[in-house]
Amino acid sequence: MSRASLVESTPDWDGFDDDLRLFEVAAGTSTDCVRFTIDGVPPERVLLPNSAEQVCRILQIATARGVALVPAGFGAHLGLGAPPGRPYAVLSLASIDALLDHQPANMTVTTQAGMSVAELQAAVAGSGQWLPVEPPLPAATSVGGLISADLSGPSRFSQGTVRDLLVGITVARADGTLVKSGGRVVKNVAGYDLAKLYCGALGTLGVIVEATFKLRALPAAVAVARVACSDMAVARELLERIRTAPVEPHLIELLTPIPSAGGDCVIVVAFRGSREEVAKQQETLRALAHGKTMEERVGDAAAAALAELRDANVRGEAFLKLKASLLPTELPPFVSALEDASGEHGLTMAVQAHAGNGIVRVRVHHPNVEDTGGSARALVEQLRAAAAALGGTLVVEQVAPDLKPGLDVWGGGIEALPLMRRIKEALDPGGVLSPGRFVGGI
Amino acid sequence: MSFMTTSRLVGWLQDIVGNDGVVSHPTELSVYDCDGYTLEKSAPDVVVLPRSTDEVAAVLKRLQCEGVPFVPRGTGTGLSGGCLPLGAPVMVSLSRMNRILELDPANRRAVVQSGVINSWVSRAAKPHGLHYVPDPSSQMACSIGGNVAENSGGPHTLKYGVTTNHVLGVTLVLPDGEVVRLGGMTEDGPGYDLLGVTVGSEGTFGIVTEAILKLQPLPQGCKTLLAVFDSVADGSAAVSAIIAGGIVPAALEMLDHLIIQAVEDAFHFGFPRAAGAVLIAELDGLEAGLERAAGKVREVCEANGATEIRVARDDREREALWKCRKRAFGALGRLAPNFCCQDGVVPPNRLPEIMERVAAIGKAYDLRIGNVFHAGDGNIHPILLYDERDRDETERVVAAGREILRECVRLGGSLTGEHGIGVEKVALMPLIFTPDDLRTMEAVRAVFDPGDRCNPNKIFPSAEERVEVRTPRRQAAM
């Protein structure tokens, strides 16, 4: 069946319900419908399967009944992406949450997709290990969501992103077949690395049911330093000195309000490692930051500071949240473009950048809540053009539900879009999974 | 292809790349009849050597019009027959696309053509205090394009990851001649991670002509230890204990008795000839933590029966040691005319078991097997020595290799850690993947190469091979 004809066909919700009863799939409550509401549109149904087999059944039934499914974990990050293009049911993996195989000696862990990242971390911490990604809200983020939304945190600077740590995956395809790629060993090139395809695909290609990750040893010591810089030029110079200094930071973040009142631009550097390594690097950083105000935290206070940094963007209030991807050296000009836009539109912003990776998150505040629609669109277009002029891209990560339909969340000009559409058609020919949520209306 | 077709094709290709860019004389073609996997040989009818992405695109457009299958080739150092032309009359060699296009030290990126040799990148980046981390043993000869195709590893990938973790983008010429850029200079571009699935696709999606590579700062310090053991079993136990102890060395490499002797004969490094195994453990990073980590590695090795531990005194000694390790394959020429290097993976704590099984399999098949391998990530390289003129021995090599890989899978591992499936391990794929798994991969392949013309007959077993794991095609061919 072609995509177009399916979209036009009316979903048979009654038949869908009847079929599901046969397989005893647990249904969510009305509270769940609220929790899994995407951009103001609640799901028609919330399904809570308890096994991979049930997930496969649901997919087969959804395909047969023309029902759209949005795979989810706990619903914490559903604001990412465009709203579903048609009425949908949420398929939550929250009840499929077992730790399947932790091999401390081999530094790997295999879990079901519904386990939370916080639980996963707690389970492996007993062996002195961790999964070195720090997604926002780890207790509310499932392993499947971590992968699907590619929620790599600030530690990506030193540890890589989710894709770098994911060594194997099991996915239920839209047609209900269970398939895997990769394996449970850290080095493996047998077959295509399809795990990469599901990273950041927002559940449009399959339902992740199991994943295997590489682990690392938990470092013995941690320290966080906040260095205040009088302006971006000073911050830029400090970043440059850190880049060429004998330090291996765990993360480097740049925080600044816009417009800046001066002196409120902050560079946060964290170190993790053995006690000697961390102490030595703190010393080096102090020398680099000589003459600037520097606040340092170690131990539990440092861990708390890192958690705050990790969650700040998701927790922070804003009417619009944007993410730009740039070359690290293009951060200062992009911040200038933000300042210009802030002046023109009478907006204030909070910027948090993974400075070493060129990833910038912008939270936009608006003094006048009434007039947000037009300025949101104009602002996104303006900043997207600014990012593009610097060789980068910009996506909308969150916005008030009533504004979203008017916004192009992902941006156009994606060169490989025709190939991406064909990938979608190859793996989900009926357009069952998260329709309309991804780039180019995929 | 018929002679007429070939000569017509040669003319068309010459029009695109010039007369000096097409090889069609049988003597010259024999150079291209295999890579580092020498159990199977097959020369192409034509080799074309484009100089630019545009020329590659023009060549592929022409081949598309004629419906001719082709195979991309870097420098032919692969170890699984990945660029063996099987049902692909035309070979596209990237060896003339060998320029480093851009070095951006501030953003730690390099843009290179795919025929650039791996070690050139680090050499160019060194003055900026940077290097390109993935370092296959063949790094003096292998190309970046080949590394991308195979998702190559190397000794230092234990700590830093393999090729896929260090490539930000590629320019891919699709089999119909269309040019598409995947990934890019910046991270996190919107859309599916097509780059991630292209890396390691063994040249079946099209031809990668350029790559954007991540560069890493050179580590501040480095400590290289050489631990001597009576047996591979003792050395393997030490490896497991190091990994389990939470230490991540930059590299953890083991050489067994047979390899030690061959390497010592060839390079006179000063290895203890009588040793059952030596373990090279390299720690790098900040000076501040190195001494302590090295001390821990030393303790673990001693606790696991190391009879002697040496530390490289300076860079020269360290480099000499690595030269021996990386040229170990070359030294084997002294032991036998041919060798076949396997590439299985096991969870590191199963190393003692798999090494015992490898030795037993060697005995059972009456073969000499040496071992030189990336112990830290459980990636073994049993090297089966043989003489291709001895047909019976050659058969035994194929059978023994297959049995070793079966054992790796039984212990929870994989068929290949860094060499790829190629032609060599095609028939073994059903050991680790179901028909549905394979069909899904093929569906993705068809997105890039709907006509199945780009490097055909690789990775995926034929219909009959899927029913049961059969003898590799080699036996049928012989």
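I need the full set of residues from the range B:250-293 which are within 14 Å of another protein chain (Cβ to nearest Cβ) and either surrounded by fewer than 21 Cβ atoms within 10 Å (Cβ to Cβ) or over 13 Å from residue B:226 (Cα atoms) (or both), in order please. Before the answer, list the steps.
Initial filter on the range B:250-293 (within 14 Å of another protein chain (Cβ to nearest Cβ)): B:250-253, B:283-293.
Selection gives B:250, B:284, B:285, B:286, B:287, B:288, B:289, B:290, B:291, B:292, B:293.
Conditions tested, residue by residue: (1) assigned to a helix (DSSP H, G or I); (2) touching a residue at least 40 places away in the same chain (Cβ under 8 Å); (3) under 25 Å from residue A:301 (Cα atoms); (4) within 14 Å of chain B (Cβ to nearest Cβ).
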{"site": "A:225", "(1), (2), (3), (4)": "no, yes, yes, no"}
{"site": "A:262", "(1), (2), (3), (4)": "no, no, no, no"}
{"site": "A:268", "(1), (2), (3), (4)": "no, yes, yes, no"}
{"site": "A:276", "(1), (2), (3), (4)": "yes, no, yes, yes"}
If you check residue A:177 against the conditions, is it within 12 Å of another protein chain (Cβ to nearest Cβ) and surrounded by fewer than 23 Cβ atoms within 10 Å (Cβ to Cβ)? yes
For the structure I just gave you, tell me whether residue B:102 is in a strand (DSSP E or B) and over 19 Å from the mean Cα position of the chain (by Cα). yes
Flag for residue A:391 being open to solvent by less than 20 Å² (accessible area, probe 1.4 Å) and assigned to a loop (DSSP other than H, G, I, E, B): no
Being out of contact with any strand residue (DSSP E or B) (no Cβ under 8 Å at 6 or more places or on another chain) and more than 30 Å from residue B:290 (Cα to Cα) narrows A:228, A:201, A:190, A:245 down to just A:201
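Residue-wise test of (1) part of a helix (DSSP H, G or I); (2) more than 10 Å from every other protein chain (Cβ to nearest Cβ).
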position	(1), (2)
B:393	yes, yes
B:403	yes, yes
B:420	no, no
B:424	no, yes
B:428	yes, no
B:441	yes, no
Subset of the range B:144-166 [in contact with a strand residue (DSSP E or B) (Cβ under 6 Å, 6 or more places away or on another chain) and open to solvent by less than 10 Å² (accessible area, probe 1.4 Å)]: B:144, B:148, B:155, B:166
Can you tell me how many residues in the range B:71-90 are in a strand (DSSP E or B), open to solvent by less than 20 Å² (accessible area, probe 1.4 Å) and closer than 21 Å to residue B:116 by Cα? 1
Going through the range A:130-161 in order, the residues found to be within 14 Å of chain B (Cβ to nearest Cβ) and either on the phi > 0 side of the Ramachandran plot or in a helix (DSSP H, G or I) (or both) are A:147, A:148, A:150, A:156, A:157, A:158, A:159, A:160
Here are the criteria: (1) closer than 23 Å to residue A:134 by Cβ; (2) in a helix (DSSP H, G or I). Tell me which single one residue A:352 does not satisfy. (2)
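When the residues of the range A:395-417 are narrowed to those that are open to solvent by 40 Å² or more (accessible area, probe 1.4 Å) and more than 7 Å from chain B (Cβ to nearest Cβ), which ends up nearest to residue A:77 (Cα to Cα)?
Residues of the range A:395-417 open to solvent by 40 Å² or more (accessible area, probe 1.4 Å): A:398, A:401-402, A:405, A:408, A:410, A:412-413, A:415.
Now narrow it down to the ones that are more than 7 Å from chain B (Cβ to nearest Cβ): A:398, A:401-402, A:405, A:408, A:412-413.
Numbers: A:398: 9, A:401: 14, A:402: 18, A:405: 18, A:408: 18, A:412: 23, A:413: 25 Å.
My answer is A:398.
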When every residue in the range B:294-307 that is open to solvent by less than 40 Å² (accessible area, probe 1.4 Å), hydrophobic (A, V, I, L, M, F, W, C) and more than 14 Å from chain A (Cβ to nearest Cβ) is compared, the one farthest from residue A:284 (Cα to Cα) is B:306
Restricting to the range B:387-410, and then to whatever is within 21 Å of the chain's Cα centre (by Cα) and farther than 17 Å from residue B:354 by Cα, can you tell me which residue is least open to solvent (accessible area, probe 1.4 Å)? B:397
Across the range B:183-236, which residue is farthest from the other protein chains (Cβ to nearest Cβ) among those that are surrounded by fewer than 23 Cβ atoms within 10 Å (Cβ to Cβ) and polar (S, T, N, Q)? B:231
Pick out the one residue from A:384, A:363 that is in a helix (DSSP H, G or I), open to solvent by 10 Å² or more (accessible area, probe 1.4 Å) and not aromatic (Phe, Trp, Tyr). A:384
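Can you pull out the residues in the range A:24-43 that are acidic (Asp, Glu) and assigned to a helix (DSSP H, G or I)?
Of all residues in the range A:24-43, those acidic (Asp, Glu) come to A:24, A:32, A:39.
A:32, the sole residue that qualifies.
The values are calculated or read from the model by the stated rules, or taken from the named source; none is laboratory data. Since this is a predicted model, take the numbers as computed values, not measurements. Using ideal geometry, Cβ is built from the backbone for each residue, glycine included, and neighbour counts are taken over all protein chains shown. Remember, those area values only see protein heavy atoms, side chains included, never the ligands or the DNA or RNA. Shrake-Rupley method; radii C 1.70, N 1.55, O 1.52, S 1.80 Å.
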